[in-house]
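Working notes, beginning with the structure itself.
The values are calculated or read from the model by the stated rules, or taken from the named source; none is laboratory data. Source: prediction; values computed, not measured. All Cβ positions, glycine included, derive from the backbone under ideal geometry; neighbour counts span all protein chains shown. The accessibility values were calculated without ligands, DNA or RNA, using every heavy atom of the protein model including side chains. Shrake-Rupley method; radii C 1.70, N 1.55, O 1.52, S 1.80 Å.
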Amino acid sequence: MEKVKCECGHVNPHGTVLCESCGKPIAEDSTKKLLDMRYEGSARRSQTYNKTIVDKIWNFFSSVKVGVWLIVITLLASAIGTIYPQEMYIPPNVTPAEYYEDQYGWTGKLYYELGFHNLYGSWWYMLLIASIGVSLVICSLDRVVPLYRALKNQGVVRHETFLRRQRLFSASKVDNYDKLFAEVKEKLAKRRYHIREENGNILAEKGRFSRWGPYVNHIGLIIFLIGAMLRFVPGMYVDEVLWIREGETKEIPGTNGKYFLKNEKFTFEVYEKDKEKEVFQEAIDRVGSGMVAKNYQSDVVLYERVGPIVPGEEPKLKKVKDYKIRVNEPLKYDHYALYQVDFKMNEPNKMSFHLVDKKTNEQFGLVTVDLRNPQSAYDLGNGYRVELLSYFPDFYFDENGNPATKSKIPNNPAFVFKMMTPDKPEGEVSFVAIRQTIEPFGDNQYKMAFAGLETKNVSGLTVRRDFTLWILGVGGTIFMIGLIQGMYWNHRRIWLKHVNGEVLFAAHTNKNWYGLKNEIRQIIDGTELVMPVDQVEEAKKGARGGDDSGAAK
Amino acid sequence: MKKQRLLLRTVILILLLGAVGYTIYANFFTEKTRVTVGSEAPDFVLTDLNGKKHRLSDYRGKGVFLNFWGTWCKPCEKEMPYMNRQYQVYKNQGVEVIAVNVGEPELAVRKFAERFDLKFPIVIDQQDQVMNAYDIDPLPTTFLIDKDGKIVKIITGTMTESMVQQYMESIKP
């Protein structure tokens, strides 16, 4: 591609709008009064090479318009995903296909059919996020390189047209240019401008590094996205659930059988009236005593398995530590963290019954059934014996009317007992559930009378290990640095040129024109220079004045 | 200069698309578990209802039909008789069936086995260790393991009797 040589002698790449060195317009729309200073008028590569398929893909992602649309579409999709609950938040025992329609009608059905019930993990949503990432990389590369070039190559001596077509410009008649030159230079230096001079021309510049802010910000975002991506790499991210009863020792899922946990005790405490400090009394009165949770705590022991890990084998355990897991106070060890997230109070654990003669109410012994692992027979002595024929931990009647269980958790235990007694050596069968007794083979002489229930609490813990967190942290920090860099500093430039007995003064900033104008006012104060006119505001004023001159005055 | 640019763009695009491609692939086209088809089946030791220990690695040289089930799970119940019948056909042809119960009370498991007159060994995973190692989510889940201890297929959901028969046939040593 041919290069373009400007009359100042500088050779520009193809596609350049304003000469990199002197700023003279090369291929620019000369009908406008002011120059378009976007990207310093440099040759944006994407706009110039469009031959191969690679260039076409590149140019697609290089477009800011495309980037903005990707973000808008992602935002809209994300918003739609919050209208109804996501699949993971609906009750676990329902069919999603039916649930959405039952709950929300035809809109729910549509929602489900369009796949919004599992939006944030869907392939097209991830593709959108990934496209934003690609667009970010390519947009940045395509702009930061030419911008860097343009700012590096900019000349001190600028073409007259360049200066006259800046937003802030003034031309002044000056008697003693050398004196003015020295004065302006000193004032600029005092205001911390970097000054370059050449043949009586000045280029004063400050805050150039603010121009890199957006690109630093994008680098941060990309690192953040990489961190998010690494979660899918095996071993980088563990997120499991562990339900553990009091007294139980269980393998911690996600640790490949290496760690075990024992739950000693789960405690749930509330704020109660007259038990707390004086300052809490009013708040407790307002919401009611015992209505506000104070503490959820699991007292646990962490064990490490020693020797070879063979699942199913009785593990040899070495105690690592005792810990009290509370909300926001996880047990941390070997990069794993165990968080208190849920609980279940009073899960039935043991149930006791008396063997009773129904007529005389005489008791012949106590049977205690361990609901997690019941024995099949209980010998009460003196010829009294109870057999457990069937056990249903989570009892219900199935569609055929037979007793069945919904799960292995003893939420609603039911039993079929066979009672052997000296008077009924054949035994009597009794079906016993909570508040319910059925005698399938006619009237029995004996019954199993409920005698007591022992319960246990269950802790719900989350197991986490996240090696991507620090990457997200680094990305986030760089993101913020870039944002600050671009937001709180302005790139300001001031040019001074002496031509044909006139002194041309022009200035440009990437933001905060008001601040720049104030600064200029202080710089030219006491000199012969005329305060530059804001040509954008002039034009606005002109337009307004034409419409309703009365109001403007 | 132009060639260099094309090359640079191509390389950057390949890098980006590679990263995106990997993420999508890892998320949607692989099992999100450590136990995958083609990998070695994690070894385990569990005791059956007769007190006999079963170690998976002892069955090298035989095909293993490894079924995870629960008594409350109706689909599991449905396929039990099929497995029972086909087991009696294939046990002399080098196919072993191990039915891993997901930690229910022994009483319940025993009654269930008696009701269906199950002939194959039934082991109980009391501490969920084997369930964790195999990342069992829905019940029933069946792993077909070949004579070299490699997982050939993972089946979630109910099987018909002819499926059970075909699967056992496929892992015959």
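Just to make sure I understand: if all protein chains stay in place, what is the order of A:PHE224, A:PHE441, A:PHE450, A:PHE61 by accessible area at 1.4 Å, largest first? Could you put the intermediate results ahead of the total?
Details: A:PHE224 90, A:PHE441 160, A:PHE450 125, A:PHE61 30 Å².
Sorted descending by solvent-accessible area, the residues read A:PHE441, A:PHE450, A:PHE224, A:PHE61.
Checking every one of the GluC sites (Glu not before Pro) in the range A:317-417 against DSSP loop status and a limit of 10 other Cβ atoms within 10 Å picks out A:GLU399.
Relative to the longest principal axis of the Cα atoms of chain A, helix A:64-80 runs at roughly 20 degrees.
What ranking of A:ARG435, A:ARG464 comes out by heavy-atom accessible area, probe 1.4 Å, highest first? Don't jump to the answer; show the numbers that get you there.
Numbers: A:ARG435 235, A:ARG464 85 Å².
Result of the area sort, largest leading: A:ARG435, A:ARG464.
Accessible area of chain A with a 1.4 Å probe: how many percent of it is carbon plus sulfur?
Numbers: 16240 of 29780 Å².
Carbon and sulfur atoms account for 55 percent of the accessible area of chain A.
Under the simplified labelling scheme, the A:GLN535-A:VAL320 pair shows an inter-label distance of 7.0 nm, with each label point 7 Å from Cα along Cα→Cβ. Extending 7 Å from Cα along the Cβ direction at B:SER57 and again at A:MET291 yields two label points whose distance is 6.1 nm.
Where the centre of each part is set by its Cα atoms, how far does the range A:413-441 sit from the range A:221-272, in angstrom? Spelled out, the Cα-based centre of one part sits 44 Å from the other.
Computed on protein heavy atoms with a 1.4 Å probe, what is the summed buried accessible area for the chain pair A and B, in Å² to the nearest 100? Mind dumping the intermediate values first?
On the way: alone 31680 and 10190 Å², together 37890 Å².
In total, this chain pair buries about 4000 Å².
Label zone of A:ASP342 (point 7 Å out along Cα→Cβ, amide N under 19 Å): in the range A:276-303 this covers A:296-299.
Do any residues of the range B:66-112 lose at least 30 Å² of accessible area when the full set of protein chains is present rather than just their chain alone, and if so which, with a 1.4 Å probe? Residues passing the criterion (a loss of at least 30 Å², heavy atoms only) are B:TRP72, B:LYS74, B:PRO105, B:LEU107, B:LYS111. With a threshold of 18 Å on the Cα-Cα distance, the over-threshold entries among B:LYS52/B:LYS150; A:LYS152/A:LYS190; A:LYS32/A:LYS173; A:LYS185/A:LYS206; A:LYS406/B:LYS111; A:LYS262/A:LYS294 are B:LYS52/B:LYS150; A:LYS152/A:LYS190; A:LYS32/A:LYS173; A:LYS262/A:LYS294. Once the 1.4 Å probe is applied to the protein heavy atoms, the range A:333-419 comes out at 48 Å² accessible per residue. Applying 0.36 nm per residue to the separation of A:ASN328 and A:GLU528 and subtracting their alpha-carbon distance, the gain on full extension is 65.3 nm.
Could you tell me the ratio Rg/Rh of the range A:348-452? Both radii from Cα atoms, Rh via Kirkwood.
On the way: Rg = 13.3 Å, Rh = 13.9 Å.
That ratio equals 0.95.
By the Cβ distance rule (another cysteine Cβ under 4.7 Å), the unpaired cysteines of chain A are A:CYS139. Just add up the charged neighbours of A:PRO91: K/R +1, D/E -1, any other residue whose Cβ is under 12 Å from the Cβ of A:PRO91. Net local charge, A:PRO91 excluded: -3. Rounded to the nearest 10 degrees, the angle from helix A:177-190 to the longest Cα principal axis of chain A is 10 degrees.
Computed over every Cα-Cα pair of the range A:107-152 and binned at 5 Å starting from 0, the pair-distance distribution P(r) comes out as 5, 19, 13, 13, 11, 9, 8, 7, 6, 4, 3, 1 percent. Measuring nothing but alpha carbons in the protein assembly as shown and taking Rh as the Kirkwood radius, the Rg to Rh ratio lands at 1.17.
In the complete set of protein chains, residue-level accessible area for A:GLU113 is approximately 120 Å², probe 1.4 angstrom. Could you work out how far the C-alpha centroid of the range B:109-173 sits from that of the range B:53-70, in angstrom? The range B:109-173 and the range B:53-70 have Cα centres separated by 8 Å. Centroid-to-centroid, using Cα positions, the range A:454-518 and the range A:86-132 are 36 Å apart. The phi torsions of the range A:398-411, fed into the Karplus equation with coefficients 6.51, -1.76 and 1.60 and a -60° offset, translate into couplings of 6, 4, 8, x, 8, x, 8, 10, 8, 7, 9, 8, x, 7 Hz, rounded to whole numbers, with Gly and Pro shown as x.
The residues of the range A:127-164 listed by number as losing at least 10 Å² of accessible area in the complex, against the isolated chain and with a 1.4 Å probe, are A:LEU127, A:ALA130, A:VAL134, A:VAL137, A:ILE138, A:LEU141. Considering only A:TYR259, A:LEU504, A:THR74, the residue lying farthest towards the positive end of the dipole of the protein assembly as shown is A:LEU504, judged by Cα position with unit charges set on Cβ. Within the full protein context, the accessible area of B:LEU15 is estimated at about 120 Å² for a probe radius of 1.4 Å. Shape of the range B:45-170 from its Cα gyration tensor (a ≥ b ≥ c, root eigenvalues): rounded if a/c is under 1.5, otherwise prolate when a/b > b/c, or oblate? Rounded, because the longest to shortest axis ratio a/c is under 1.5. Which residues of the range A:215-244 bury at least 50 Å² of accessible area once all protein chains are present, versus their chain alone (1.4 Å probe)? Residues losing area: A:MET229, A:PHE232.
With the Kirkwood sum run over all distinct C-alpha pairs, the range B:1-113 has a hydrodynamic radius of 18.4 Å. Rolling a 1.4 Å probe across the protein heavy atoms gives chain B an accessible surface of 47 Å² per residue. Solvent exposure of A:MET37, expressed as accessible area, is near 20 Å², computed with a probe of 1.4 Å over the protein chains only.
Find, to one decimal place in angstroms, the Kirkwood hydrodynamic radius of the range A:317-362, where the mean of 1/r is taken over every pair of different Cα atoms and then inverted.
Values: mean 1/r = 0.0654 Å⁻¹.
Across the range A:317-362, the inverse of the average 1/r is 15.3 Å.
Ignoring ligands, DNA and RNA, what percent of the 1.4 Å accessible area of the range B:45-170 is carbon and sulfur? About 45 percent, which is the carbon plus sulfur part of the accessible surface. Heavy-atom accessible area with a 1.4 Å probe sorts B:PHE44, A:PHE60, largest first, into A:PHE60, B:PHE44. A simple spin-label model places the labels of B:LEU49 and B:GLN4 7.7 nm from each other, with each point 7 Å out along Cα-to-Cβ.
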